Amino acid sequence: MERSRLILVVSVIAIAITVAVVIVAAQNAPATATPIKHVVVVFGENVSFDHYFGSYPNAANLQGQPRFTALPGTPAVNGLSGALMTNNPNFKNTANGTGAANPFRLDRTQALTADQNHGYGAEQLAFNKGAMDLFPKYTGRGSALGGTGPFYTTGLVMGYYDGNTVTALWNYAQHFALNDNSFGTNFGPSTPGAINLVSGQTNGAVRSTGTTATDASLVADGAGGLTMIGDPDPTDDACSSTRGATATMAGKNIGDLLSARNITWGWFQGGFDLTVTNANGTTGCARSSYSPIVGSYKSDYVPHHQPFQYYRSTANPKHVRPKSVASIGTRDDGGANHQYDVNDFYAAVSAGNFPAVSFLKATAIQNGHPGNSDPLDEQTFIATVLNFLQKSSEWKTTAVILAYDDSDGWYDHVSRIVNPSSASADGLNSAGVCGTGTPLPGVKGMPVNGRCGYGPRLPLLVVSPYARANFVDHTLTDQTSIMRFIEDNWLGSQRIGGGSFDEIAGTINNMFDFTKARNDTLLLDPNTGLPQK
Amino acid sequence: MNARWLAVLAFLLLNASTRSAVPGEGKLDKTEVREERPALSFVAQLGSKIFFDTSLSSSGRQSCASCHSPSDAYGPPNGDAVQSGGPDMQRSGVRAVPSLRYLEHNPTFSIGPTGTIPDNDAPAGAPLLPLNARSILAIAKSAAGPPAESNVPQGGLTWDGRADSLQDQALGPFLDPNEMANRSSAELFAKLQRTAYAEDFKQIFGPDIFRQPELAVSEALFALARFQMEDPSFHPYNSKYDYYLAGKVSLSDREMRGLKLFEDPKKGNCSSCHIDSISRDGIFRPAFTDYQFVALGVPRNPGIPANRDPHYFDLGLCGPYRKDSNIAAYCGMFKTPTLRNTATRRAFFHNGVIHSLEDVLRFYVERETKPEKWYPQRRDGTLNKYDDLPEANRANVDVIDAPFDRKRGDAPALNDSEIQDVIAFLKTLNDGYRLPR
């Protein structure tokens, strides 16, 4: 490091420490219902529960791979065993053609796979009236269909990883809390998952002018409006597609509620800082990173993974930088409007400015999304974040929630429909029908379509000094349970309301024991996921 | 210390000073020549067994290694333009065997600017893509940007890029009637079950693996690909040029002159397609190919049995072996191979018509200046230039870039001595260089 640079860094740190003392006091000042003063949601991509935890806690432990052996007393999960493993409905149903398959172990060497189909309608068809037996037919995709990585049969959709690949996540489950009854709020891909995480309301989508009316990412809600079921980029985001459909969202999100109470918060996403130049010379929206596992460069920033960019009140369309590290998370952040780069998270926490509520999204190469990422690169990100936070002085009041935006279409054997829909895109029970009853209201207070859910089951973990150890929670939860926790902790149980799923969301509190804080930490090797020596 | 090494050093220093703030994220010196041999994964070990197994061919005498010979840089073991195979080993192939080395960063096939959009979330409710959605036609239609220059085809494996990955490629020779000649993947599956390493399959992929033929074959192909990805013998990067890039050895005067001619856009202009520099971030050492396709108008090879039919033409990207395109603009285009270890080959270009490096270079510089040396005359005495392409496709041959940008009678871009210089440089790309002690 050059001398001038060093001096600059040293002065910045000095100032930061001074400011930090004041800030930490401010961060911890708001009253909370639990001892948790900092929630960090690491929002990963595209994993069904069975895809990562179907065989938990049993790993094959092939030679030369990170070993996993379950602790004594490890509780069972609702995973894949018995006939589900050896005579699975997807193996028996001949409609799956040559893709008919039993669940099978994906090896650590097979971390890179093709992306499966995770369309709102395709996933429902795979569920086949709840029989859960048409995944190869409707969501299975082999590499020959445009994907990357191993396998040329649609039976790939039945593949699962074990603790030799998702080693870090299994180890976190061993030492902290895992929920095996948690679902995507709705069917469908990334953006509805991200929108549900922050608002529980995918209704109220507004098509950008110029977008063709045939765009399938939004669907008529039956009450004169639109519901988001696909991945349109956020209108006005400087990095959004100039060719594809874009959209905005009406209604409120959790950021609005936190800002109104002056609670610090931020969404921190890889690639958001457009001023950085990467090692390969890319900058701006074109920043890209390389992973030897993926085998190519991928754009760091994915606009349709950033939910707050869809709401006028919380968007930072031009990616304005925070005016200082100390301002991160505050409403006076120089126009960044709570939207930052993932590197800003490390900088803020290091400077003692740890926001109350932080959402983290990795750069694309580390977000876990098949095709552009993989479980090993995802593990690097998660372990790096958790090692970093466990070494922070604020760890004792921190809870990290590991959650996912969608299932990618990977096989899972559990279905739980709580909200029906009869949009044109639905198909769980029959064409245009998903579930029965009256749907929850949309943003205008009328029952709306396009929000059929819960969707596929997804992993959910809590890592915290207050998390129960080696605990499997069976409480029914969904993506909006995370928002409900935030609302309960900081907002006096204020809800988004107006048909948001947060009103009916199950609690994640059972994964905690708030009566006592633990002193142990679990630092993991970001490459192997094994405990650091 | 020469200029190139200084550039490498400067690059490394630059990297060090812009190191990321992310905890635990460092930069490795990728220019180092690796000497140690990493252990192969269990799957890659299985792949190695498959690679050398002759029992998977219908003749019982041919394995992957028969044509992709490990002692010949995984290229052909002899100077034959095409190799023999089939049930009785009496059938001839149709193209020269490409080397399997340096394919670990080979991109999948695409046309036009490579999409860097990282997320390919399916549009909601969209039906599964039909297989032909990745056809050249579909890709060309959907490709962004201006139609002409930016729409260069690139990537994929084999001379026509029809295989998307090493795994995809691996099935081809097993089923090709001129090669290992299994009649179906079911026949291959049956052979796999009888191998001595069938137990390895069960151990790695589960005891039920042989209940699912599709999956078992897919896993076998994956194991082959994994062997090629993991085993450093497929990408050793230990040529003299690699040691030179690492600053461990200098090139001789002749080799250095050859390198300059190789790079000079007005002389050899070779490096415009055969990339010879490290990527800016230091991740990719030079592969000596840009993975793109080009029509060079290589002379017809009468030695290939298939060529006895005067109406048969091997058109590369537009068939007959690649079946998803008949776009005329791409006919006659073949993929640019790596030049690493090319100096050890004895059959060059897709049809193996040329048998020495010297003749390869002469062809490059004389194709336009002295075409009568390379192409036959028609009965009427006119020159049948680009005779391995139908008349209609001959306009696809590259005549714009040096050394092809000349007219008949012009001086060739490289003289005899310069050709020897370039050959001396190309020999520095042979793997297995030993540093003088």
Check your understanding: Does B:G352 qualify as being more than 13 Å from the chain's Cα centre (by Cα), surrounded by fewer than 22 Cβ atoms within 10 Å (Cβ to Cβ) and not β-branched (V, I, T)?
Key -> no
**Study point:** helices (runs of 4 or more DSSP H) enclosed by region A:67-166 - at least 1 residues per element that are free of Cβ contacts under 8 Å to residues at least 60 places away in the same chain, surrounded by fewer than 24 Cβ atoms within 10 Å (Cβ to Cβ) and more than 11 Å from chain B (Cβ to nearest Cβ)
**Key:** A:83-86, A:89-92
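Would you call B:A216 in contact with a Phe, Trp or Tyr (Cβ under 7 Å, 6 or more places away or on another chain), over 30 Å from B:L435 (Cα atoms) and more than 9 Å from chain A (Cβ to nearest Cβ)? First the steps, then the outcome.
On the way: in contact with a Phe, Trp or Tyr (Cβ under 7 Å, 6 or more places away or on another chain): yes; over 30 Å from B:L435 (Cα atoms): yes; more than 9 Å from chain A (Cβ to nearest Cβ): yes.
Yes.
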Study note, to complete from the structure: Selection from region B:261-283 of residues more than 14 Å from B:Y364 (Cβ to Cβ) and within 16 Å of the chain's Cα centre (by Cα) yields B:I275, B:D276
Exercise for review: Determine whether region B:338-348 contains at least one residue that is of a type in the set (G, A, S), modelled with pLDDT of 95 or more and within 22 Å of the chain's Cα centre (by Cα).
Suggested key: yes
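Every residue, every condition in (1) in contact with an Asp or Glu (Cβ under 8 Å, 6 or more places away or on another chain); (2) more than 14 Å from chain B (Cβ to nearest Cβ), yes or no:
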position: A:K252; (1), (2): no, yes
position: A:G255; (1), (2): no, yes
position: A:L258; (1), (2): no, yes
position: A:G270; (1), (2): yes, no
position: A:G284; (1), (2): no, no
position: A:S288; (1), (2): yes, no
position: A:V302; (1), (2): yes, no
position: A:R312; (1), (2): no, yes
position: A:N316; (1), (2): no, yes
Review point. For region A:256-287, which residues satisfy the criterion of being surrounded by fewer than 24 Cβ atoms within 10 Å (Cβ to Cβ), among the small types (G, A, S) and outside any helix (DSSP H, G or I)?
Key: A:A279, A:G281
Revision key, fill the gap. Condition set more than 7 Å from chain B (Cβ to nearest Cβ) and not hydrophobic (A, V, I, L, M, F, W, C), scope region A:290-300, selection surrounded by the most Cβ atoms within 10 Å (Cβ to Cβ): answer is A:D300
Check your understanding: Is there a residue being under 22 Å from B:I327 (Cα atoms), touching a Gly at 6+ places or on another chain (Cβ under 7 Å) and part of a loop (DSSP other than H, G, I, E, B) anywhere in region B:273-296?
Key -> yes
Review point. In region B:187-203, is there at least one residue being over 23 Å from the mean Cα position of the chain (by Cα), surrounded by fewer than 19 Cβ atoms within 10 Å (Cβ to Cβ) and facing chain A (nearest Cβ under 9 Å)?
Key: yes
Exercise for review: Only residues in region A:493-520 that are part of a helix (DSSP H, G or I) count as the first member; pair them with residues that are at pLDDT 95 or above and exposed (fewer than 15 other Cβ atoms within 10 Å of the Cβ), Cβ under 9 angstrom, at least 6 apart or cross-chain, and list the lot.
Suggested key: A:N510/A:H474
Exercise for review: Would you check if there is a residue in region A:438-458 being farther than 23 Å from A:K137 by Cα, surrounded by fewer than 20 Cβ atoms within 10 Å (Cβ to Cβ) and among the hydroxyl-bearing types (S, T, Y)?
Suggested key: yes
Practice item. Count, please, the residues in region B:284-294 that happen to be more than 15 Å from the chain's Cα centre (by Cα) and either surrounded by 19 or more Cβ atoms within 10 Å (Cβ to Cβ) or at pLDDT 95 or above (or both). Key: 1
Practice item. Please go through region A:378-399 and pick out each residue that is within 23 Å of A:V294 (Cβ to Cβ) and either more than 12 Å from chain B (Cβ to nearest Cβ) or among the small types (G, A, S) (or both). Key: A:E378, A:Q379, A:I382, A:A383
Exercise for review: Please work out if A:A351 is crowded, with 24+ Cβ neighbours inside 10 Å, touching a helix residue (DSSP H, G or I) at 6+ places or on another chain (Cβ under 9 Å) and either more than 10 Å from chain B (Cβ to nearest Cβ) or modelled with pLDDT of 95 or more (or both).
Suggested key: no
Review point. What do you reckon, is B:S66 surrounded by fewer than 18 Cβ atoms within 10 Å (Cβ to Cβ) and not in a loop (DSSP other than H, G, I, E, B)?
Key: no
Practice item. Go through (1) of a type outside the set (S, T, N, Q); (2) within 12 Å of chain A (Cβ to nearest Cβ); (3) out of contact with any Ser or Thr (no Cβ under 6 Å at 6 or more places or on another chain) one by one and return the number of the condition B:F227 breaks. Key: (3)
Study note, to complete from the structure: Checked against (1) surrounded by fewer than 20 Cβ atoms within 10 Å (Cβ to Cβ); (2) without any contact (Cβ under 8 Å) to a residue 60 or more places away in the chain, B:E368 satisfies every condition except (1)
Check your understanding: What do you reckon, is B:D387 closer than 25 Å to B:Y330 by Cβ and either modelled with pLDDT of 95 or more or in a loop (DSSP other than H, G, I, E, B) (or both)?
Key -> yes
Review point. Quick one: how many residues across region A:167-212 are farther than 20 Å from A:P420 by Cα, of a type outside the set (S, T, Y), away from chain B (no Cβ under 14 Å) and assigned to a helix (DSSP H, G or I)?
Key: 7
Practice item. Return the residue satisfying two criteria in turn: it lies in region A:364-376 and is in a helix (DSSP H, G or I) and away from chain B (no Cβ under 12 Å), and of such residues it is farthest from A:P459 (Cα to Cα). Key: A:L376
Exercise for review: Determine if region B:232-243 includes at least one residue that is in a loop (DSSP other than H, G, I, E, B), closer than 20 Å to B:Y102 by Cα and in contact with a strand residue (DSSP E or B) (Cβ under 7 Å, 6 or more places away or on another chain).
Suggested key: no
Review point. Within the set of pairs 6+ apart or on separate chains, which have a first residue in region B:269-285 that is facing chain A (nearest Cβ under 9 Å) and closer than 15 Å to A:Y297 by Cβ, a second that is aromatic (F, W, Y) and surrounded by 18 or more Cβ atoms within 10 Å (Cβ to Cβ), and C-beta atoms under 6 Å apart?
Key: B:I283/A:Y290
Practice item. From B:S48, B:S55, grab the single residue that is farther than 26 Å from B:K323 by Cα, at pLDDT 95 or above and either under 16 Å from the mean Cα position of the chain (by Cα) or away from every other protein chain (no Cβ under 14 Å) (or both). Key: B:S55
Review point. Could you say which residue among B:S99, B:S135, B:S92 is at pLDDT below 55, in contact with a Ser or Thr (Cβ under 8 Å, 6 or more places away or on another chain), within 21 Å of B:D160 (Cα to Cα) and more than 10 Å from chain A (Cβ to nearest Cβ)?
Key: B:S135
Review point. Going by the conditions given, is B:D208 at pLDDT 85 or above, within 8 Å of another protein chain (Cβ to nearest Cβ) and over 20 Å from B:K49 (Cα atoms)?
Key: yes
**Study point:** Matching entry among B:G247, B:G258 (being assigned to a helix (DSSP H, G or I) and away from chain A (no Cβ under 14 Å))
**Key:** B:G258
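The values are calculated or read from the model by the stated rules, or taken from the named source; none is laboratory data. All values reported here derive from a predicted model rather than from experimental measurement. Every residue, glycine among them, receives a Cβ derived from its backbone with ideal geometry; neighbour counts consider all protein chains shown.
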